[in-house]
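Below: the structure, in structure tokens.
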Amino acid sequence: MKEIQNDPFTIERTFNAPSDMVWKAITVKEEMKQWYFDLKEFKPEIGFEFEFYGGPPDGVQYLHKCRVTEAIIGKKLTYSWKYDGYVGISYVTFELFPEGNKTRLKLTHTGLESFPANIPDFAKKNFEQGWTEIVNTNLKDYLEK
């Protein structure tokens with residue numbers, strides 16, 4: 001069955017790291033820059049706004065404008081994700097599930113269908129590739145080093 005564009009993208013991964021370590025990795029600016037993006041500032045507080053540039057290595061770098069919409073310390077972080085100068089808004093949610101000394105992370109990115117369909121960089125497959133690399137390689141390597 002072909003996946004519909006407006007289905008949210010979800011990825012789950014269990015890390016060989018305690019949940020407090022994973023929470024710090026996704027919410028502390030100095031740790032985030034090791035595996036995610038180098039943000040000027042970040043606070044896991046509702047209403048906190050942040051931005052960063054990102055895009056394909058050899059392509060357009062888009063200004064991402066984000067706002068924290070939910071923050072349950074140690075458990076859940078959600079923020080809006082939109083691109084400066086383009087229509088559409090999506091939401092990224094990180095959920096943490098402690099499993100002994102390990103932590104299962106579930107990342108969900110909803111609203112991808114709200115971005116312009118005529119811009120290939122905003123295609124769902126690019127988000128799937130990006131998040132898969134970020135979670136399964138970058139974050140895994142950072143947490144389990």
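Helix 124-133 and the longest principal axis of the C-alpha atoms of the chain enclose an angle of approximately 30°. Sorted ascending by nearby beta carbons within 10 Å, beginning with the fewest, 73, 119 become 73, 119. Binning the C-alpha pair distances of segment 9-143 at 10 Å intervals from 0 yields a P(r) profile of 12, 45, 35, 8, 0 %, listed from the shortest bin outward.
If R0 is taken as 25 Å, the Cβ-Cβ distance between residue 99 and residue 43 corresponds to a FRET efficiency of 0.35. For the pair residue 75 and residue 106 in one chain, pulling the backbone fully straight at 0.36 nm per residue adds 10.1 nm over the alpha carbon distance.
For residue 124, the lysines whose Cα falls under 17 Å of its own Cα, not counting residues fewer than eight places away in the same chain, are 2, 82. Is any residue of segment 46-84 close enough, with backbone N under 20 Å, to a label point placed 7 angstrom from the Cα of residue 117 along the Cα-Cβ axis, and if so, which? From segment 46-84, the list is 83. Of 135, 87, 22, the residue with the greatest mean-square motion in the GNM of the chain, using alpha carbon springs below 10 Å, is 87. Dimensions of segment 79-125 from C-alpha coordinates, computed as largest minus smallest value along each principal axis and given longest first, are 45, 20, 13 Å. Label-to-label distance, residue 13 versus residue 33, with points set 7 angstrom from Cα along the beta-carbon direction: 2.1 nm.
Each value in this text was obtained by applying a stated rule to the coordinates, not by laboratory testing. The structure presented is a predicted model; accordingly, all values stated were derived computationally and were not measured. Backbone-built Cβ (ideal geometry, glycine too); neighbour counts: all protein chains shown.
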